[in-house]
Amino acid sequence: MEWKKLLCGERIRPISRHEGSKDLRSEFEKDYHRIIGSASFRRLQDKTQVFPLDQSDFVRTRLTHSLEVSSFCKSLGQNIARKIVTEIKDESFEASYQQDICDILQCAGLLHDIGNPPFGHFGETVIREWFKENLPKLNFELDSFGEGKTLSQILNPQMQNDFYNFEGNTQALRLVTKLHYLVDEHGMNLSKALLATIIKYPVSSLNVDKKSKDICCHKMGYYYADRELFRDIEYSCGLNGRRHPLTYILEAADDIAYRTADIEDSYKKGRISFDILLRELELRCYEDNSDKEYRSLIETLKYRYEKGIEHGVNDPGEYAVQNWIVAVQGKLIYQATESFASHYTAIMDGSFGQELLDGTEGKHIVDALGDIAVKYAFNSEPILKIEVSANQILSYLLDRLVPAAIYYDTDKKLRPIDLRMISFISDNYKRIYHIYSEGRPEDEKLYLRLLLVTDYICGMTDSYAKRLYQELNGLI
């Protein structure tokens, strides 16, 4: 892969000379302002990070998480670009690329969760499971298909697998390239380099292999509906089926942000204490005969606690945890930077199939933090109750919306209740459906109508989904 193509500033819809004649910003700086000014980005303030529908001003939302990821992305971009110039000395990497990389990564951090449905990753699970259960059972009767068939008999394998492997990452690409109706059907019309960076998994739903040693195959990266768009991005950036190098950096920044933030938020919510955190870290250190870096971080946590006492703070545990997390973040940023540099050749030729932190000293601490968060936060009663509620809310909405959508835009007359359910879906989303369904075969139109439902649900905030469910059930 070549940096000149990888940093492609072209857009799906070229900007006219008149539009850009007086604009001195780079293409990637323009991307940043398009994202920040979008309603889709603002809606992240009411989407779950760890604790759904939380009233605390401190606990993170998807918005604050995305801002943190964006910040880490920029820091990693600065470090890695400098290494490419001063140590790796790749002659094809021009000096101006350093700023471009930082701008692209900063934008990618803002966008990486923008397609997530309500209620976090559990929301994705609910959507996947609903379609696995219902696609083989829902009948569709139109003259063009003959006798009544189930949806799974009509949709081709990739169309079906798109729903069975539903992912917020995949939805992000769809949202920014189509659904966010800014000027036309091209969404935010962002640069192709940025779009390539947010495609974490450059495979279709037919090629997902969760057991593969190559992490790029673990999830799908694009819908059947967006296959032509994906090919355009892939060709323009010279990827040839491989992951964009900046995607590894985005993924590392996301891991660093959420692994450390989950611990801090769990402390604030009273799910873990200083003593619990220290005990869990020491337990893993003893069991795994951990490396020196891991042991030194444990000593740092103790030292920060002593400093808190010395400074006379009200809660030395909180003081220690917050300061320790900053130290951990710095260490992990360093580890990710070194890993990118040491695997530079494999990353650039597309043969690197791991996360940047795999095989580094930082891997142990990342895994430990993840285990602790699962044990004390994700498996806590309040979270489990919310997830049960989320399942009820999203399943109910899918139960009502999908039967209405499958006959929308067909000759079959909709029931009064179906007409009302369809009326709730954004006119912009329906406009996009009509633009992209024009001239398509009937099975693909049906598939696009199912996507219309998931588009609508993914655009909901946690509060809106809950409120709509309550209103439709007469609970308000």
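Brief remarks on what is shown
This table checks each residue for (1) assigned to a helix (DSSP H, G or I); (2) touching a residue at least 40 places away in the same chain (Cβ under 8 Å).
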position	(1), (2)
S152	yes, no
M159	yes, yes
D162	yes, yes
F166	no, yes
T170	yes, yes
R174	yes, yes
D184	no, yes
A193	yes, yes
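- In segment 185-210, residue surrounded by the fewest Cβ atoms within 10 Å (Cβ to Cβ) [restricted to those that are within 15 Å of Y32 (Cβ to Cβ) and among the β-branched types (V, I, T)]: I198
- Qualifying positions in segment 250-277 - over 27 Å from G109 (Cα atoms), modelled with pLDDT under 90 and surrounded by fewer than 21 Cβ atoms within 10 Å (Cβ to Cβ): G270
The rows are residues; the columns are (1) within 19 Å of E167 (Cβ to Cβ); (2) of a type in the set (A, V, I, L, M, F, W, C); (3) without any contact (Cβ under 8 Å) to a residue 40 or more places away in the chain.
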site: S204; (1), (2), (3): yes, no, no
site: V208; (1), (2), (3): yes, yes, no
site: M220; (1), (2), (3): yes, yes, no
site: Y223; (1), (2), (3): yes, no, no
site: Y235; (1), (2), (3): no, no, yes
site: G241; (1), (2), (3): yes, no, no
site: L246; (1), (2), (3): no, yes, no
site: I249; (1), (2), (3): no, yes, no
site: I256; (1), (2), (3): no, yes, no
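- Exactly one residue out of E280, E185, E234 is within 29 Å of E29 (Cβ to Cβ) and at pLDDT below 95, and it is E185.
- Test result for L369, of a type outside the set (D, E, K, R), assigned to a helix (DSSP H, G or I) and farther than 30 Å from A253 by Cα: no
- Checking I435, I386 one by one, the residue that is part of a helix (DSSP H, G or I), exposed (fewer than 13 other Cβ atoms within 10 Å of the Cβ) and touching a residue at least 60 places away in the same chain (Cβ under 8 Å) is I435 and no other.
- Any chance F274 is under 30 Å from G77 (Cβ atoms) and among the aromatic types (F, W, Y): no
- When R227 is tested against (1) under 25 Å from H65 (Cβ atoms); (2) charged (D, E, K, R); (3) at pLDDT 95 or above, exactly one condition is not met: (1).
- Residue within segment 109-120 that is in a helix (DSSP H, G or I), modelled with pLDDT of 95 or more and under 18 Å from A405 (Cβ atoms) present: no
Every residue, every condition in (1) of a type in the set (S, T, Y); (2) more than 30 Å from the chain's Cα centre (by Cα); (3) buried (at least 23 other Cβ atoms within 10 Å of the Cβ); (4) within 21 Å of A193 (Cα to Cα), yes or no:
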| site | (1), (2), (3), (4) |
| --- | --- |
| C102 | no, no, no, yes |
| F119 | no, no, yes, no |
| F122 | no, no, no, no |
| E129 | no, no, no, no |
| L138 | no, no, no, no |
| L142 | no, yes, no, no |
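- Options T360, T300; residue that is touching a Ser or Thr at 6+ places or on another chain (Cβ under 8 Å), outside the structural domain of S70 (by TED's automatic domain parsing) and surrounded by 13 or more Cβ atoms within 10 Å (Cβ to Cβ): T360
- Taking the criterion of being surrounded by fewer than 20 Cβ atoms within 10 Å (Cβ to Cβ) and among the hydrophobic types (A, V, I, L, M, F, W, C), the residues of segment 155-184 that qualify are L182, V183.
- The selection criterion, being in contact with a helix residue (DSSP H, G or I) (Cβ under 6 Å, 6 or more places away or on another chain) and under 30 Å from F72 (Cα atoms), does not hold for D162.
The values are calculated or read from the model by the stated rules, or taken from the named source; none is laboratory data. No experiment lies behind these values; they were computed from the predicted model shown. Ideal geometry is used to build each Cβ from the backbone, glycine not excepted, and the neighbour counts take in all protein chains shown.
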